[in-house]
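All remarks here apply to the structure that follows.
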Number of protein chains: 2
Amino acid sequence: MPTTPHIEQHFTASATVRDIVIGMSDGLTVPFALAAGLSGAVASTAIVVTAGMAELAAGSISMGLGGYLAGRTDIEHYASERQREIQETEKIPEMEKKEVADIFQAYGMNEENIAPVVAAISSDRDQWVDFMMRFELGLEAPESSRARQSAFAIAASYAVGGLIPLSPYIFIHDITTALYVSVAVTLVALFIFGFVKGSFTGINPLRGGLQTVLIGGLAAAAAFIIARLIAAKP
Amino acid sequence: MPTTPHIEQHFTASATVRDIVIGMSDGLTVPFALAAGLSGAVASTAIVVTAGMAELAAGSISMGLGGYLAGRTDIEHYASERQREIQETEKIPEMEKKEVADIFQAYGMNEENIAPVVAAISSDRDQWVDFMMRFELGLEAPESSRARQSAFAIAASYAVGGLIPLSPYIFIHDITTALYVSVAVTLVALFIFGFVKGSFTGINPLRGGLQTVLIGGLAAAAAFIIARLIAAKP
């Protein structure tokens, strides 16, 4: 047994990092693809900027509020499931004790070892219910401030991500040049984003970078082709 | 103790239902808001349809592939964490046994009850590692086919959701009429979607319906205002 303290080095993405990843990966991809798609169909950067900014507003509000509601739903879902577990430990305690026993049985423990464990856990109702929530249902108590923070992080990172592919159309008036600059800038940004995300989530950063470039590129190519098929350039 | 079989009635959304909800809620909202926003800035439904379809392609590919990669990352993350736990049970078994003991201690069990439990769990390495994965790290083994199914469900429901707000612009050539029809049709669709989603996730369906209408409405209003501010109607 080592004498130095042992620190677990498992990676668990903080919830905020996850929200930023969610917002930014869509923010970098969808406005980029939309702008590229429109460049294949319209002649004016003004329309691309208008559509792009409308998409940015729509996307960040929709994703941000969606994140907020998902957070609220988690909180309410946890509370209602907890209430139900409390009722079950009151009404059908033997059944609930058997469920605790079943969980340990699945890990190869025999009856005589399980009995004291079940007795200890079920001796305190709060503790018992917490155990059922976590180990039977796999639910962790959500933080109450999560929903608002989550909404803000998702919306802001979507907007920041989306401004990168749109900025060339704002500053460059020739639509073809703007498209090329936007493609170059965004592919670099997608690569950096995927690289950083990869090193956070423990997958190979280089592969992470290439994956996000591939997604953004495919989405943009599809949008470009569809827009060009629908509308011939005026 | 009741003699009738006890069936737990907790709601756990199937992964596919969750994917459909993710895809459709964005699909109904973002193309709707983009189309409404552009209606405030351009004179032709053709541009709205072009931008809308480009967005639909971009959004469903981006979200679908994003879902695919998230599924793949879950699988790889689980595998790499499991590998690490296996190594830890080999290299520092006493530390890992103490971690098992700590989990039970948190539920108020005393030392003498914990010892046989820890011995039973750690008697089989596979079982021990499975226990650590679930109870220490809170990770469940992901299904290997999830990633592809998830990608398809998200992309398809995004596309289906997005066609609802766009169809009026395809069939009606007067942009103001198309906008009104799109707003009416989409708010109804958002309400139905939120209502059904609410009854699935256990929140009040009426409130669920009103929430999705509110998100879609706010996103569309913001997109409309921003688009109008950027470009005056030609």
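No value in this document is a laboratory result; all are computed from the given coordinates. None of these values were measured; they are calculated from a predicted model. Here the Cβ positions follow ideal geometry from the backbone for every residue, glycine too, while neighbour counts run over all protein chains shown.
Calculate the tail of P(r) for region A:46-192: the fraction of all Cα-Cα distances greater than 26 Å, expressed in %. Let's see the in-between values first.
Working: 5742 of 10731 pairs.
Beyond 26 Å sits 54 percent of the P(r) for region A:46-192.
By per-residue mean of other Cβ atoms within 10 Å, what is the highest-first order of A:33-46, B:61-74?
On the way: A:33-46: 25.1, B:61-74: 22.7.
Final packing ranking: A:33-46, B:61-74.
Which single residue of chain B puts its beta carbon nearest to the axis of rotation relating B to A, and what distance, in whole Å, does that give?
Whole-Å result, nearest residue of chain B to the axis: B:A51, 2.
Which whole-number percent of Cα pairs in region A:6-90 have a distance greater than 22 Å? Could you put the intermediate results ahead of the total?
Working: 1919 of 3570 pairs.
Tail of P(r) above 22 Å: 54 percent of Cα pairs.
Can you compute the modelled spin-label distance between A:A106 and A:S199, with each label point 7 Å from Cα toward Cβ, in nm?
Between A:A106 and A:S199, the simple spin-label model gives 3.8 nm.
For the protein assembly as shown, what is the number of Lys pairs with C-alpha distance below 27 angstrom, counting only pairs 8 or more positions apart or on separate chains? List each step's numbers first, then the result.
On the way: A:K97/B:K97; A:K97/B:K98; A:K98/B:K97; A:K98/B:K98; A:K233/B:K233.
Lysine pairs meeting both conditions in the protein assembly as shown amount to 5.
Which distances, in nm and shortest first, link the B:A79 label point to the same label point in every other copy, taking 7 Å along Cα→Cβ?
Those separations, rounded to one decimal, come out as 4.2 nm.
If each label sits 7 angstrom from Cα along the C-beta direction, how far apart, in nm, is A:L210 from its counterparts in the other copies?
Label point to label point, same position, other copies: 5.2 nm.
How large is the helix-only mean residue ellipticity at 222 nm for the protein assembly as shown, computed as the sum of -39500 (n - 2.57) over DSSP H runs with n ≥ 4, divided by its residue count, in deg cm²/dmol to the nearest 500?
-27500 deg cm²/dmol
Add +1 for every Lys or Arg and -1 for every Asp or Glu among the other residues with Cβ under 11 Å from the Cβ of B:M109, and state the total. Before the final figure, lay out the partial values.
Details: positive: none; negative: A:D124, B:D102, B:E111, B:E112.
Cβ neighbours under 11 Å give a net charge of -4.
Ordered by residue, what ³J(HN,Hα) values in Hz, to whole numbers, does region B:177-188 give under the Karplus form 6.51 cos²θ - 1.76 cosθ + 1.60, where θ = phi - 60° and Gly and Pro are x?
Values, residue by residue: 4, 4, 4, 4, 5, 4, 4, 4, 4, 6, 4, 4 Hz.
List, shortest first and in nm to one decimal, how far the label point of B:A141 (7 Å from Cα along Cα→Cβ) is from its counterparts in the other copies.
3.2
Summing Lys, Arg as +1 and Asp, Glu as -1, what charge do residues with Cβ under 14 Å from the Cβ of A:A155 carry, A:A155 excluded? Intermediate values should be presented prior to the final figure.
Working: positive: A:R148; negative: A:D19, A:D26, A:E55, B:D26.
Taking every Cβ under 14 Å from that of A:A155, the sum is -3.
Please identify, among B:Y158, B:Y78, B:Y169, the residue showing maximal mean-square fluctuation in a Gaussian network model of chain B using a 10 angstrom Cα cutoff.
For chain B, modelled as a Gaussian network with Cα springs under 10 Å, the answer is B:Y78.
Test of understanding: in a Gaussian network model of chain A with alpha carbons linked when under 10 Å, which of A:A141, A:A120, A:A220 would top the mean-square fluctuation ranking?
It is A:A120.
With the Cα gyration tensor of the protein assembly as shown in hand, give its eigenvalues times 5 under a square root as the equivalent ellipsoid semi-axes, listed largest first in whole angstrom.
Details: eigenvalues 474, 134, 48 Å².
Taking √(5λ) for each eigenvalue gives 49, 26, 16 Å, largest first.
Using a Gaussian network model of chain A with C-alpha springs under 10 Å, which one of A:V49, A:V117, A:V196 is most mobile by mean-square fluctuation?
In this elastic network of chain A, the residue with the biggest mean-square fluctuation among A:V49, A:V117, A:V196 is A:V117.
Averaging sequence separations of C-alpha pairs under 8 Å and six or more residues apart, then dividing by the length of chain A, give the relative contact order as a whole percent.
Rounded, it is 41 percent for chain A.
Could you work out the relative contact order of region B:64-194? I mean the mean sequence separation of Cα pairs under 8 Å and 6+ apart, divided by the number of residues, in percent. If you can, show how the numbers build up before the last one.
Numbers: 84 pairs, mean separation 42.7, N = 131.
Rounded, it is 33 percent for region B:64-194.
With a ≥ b ≥ c the root eigenvalues of the C-alpha gyration tensor of region B:115-207, is it rounded (a/c under 1.5), prolate (a/b larger than b/c) or oblate?
Working: a/c = 7.02, a/b = 2.96, b/c = 2.38.
Judged from the Cα gyration tensor, region B:115-207 comes out prolate (a/c at least 1.5, a/b above b/c).
Determine the sum of side-chain charges near A:D126: Lys and Arg each +1, Asp and Glu each -1, restricted to other residues whose C-beta is under 13 angstrom from that of A:D126.
Numbers: positive: A:R82, A:R125, A:R134; negative: A:E85, A:E90, A:D124, A:D130.
Summing Lys and Arg as +1 and Asp and Glu as -1 gives -1.
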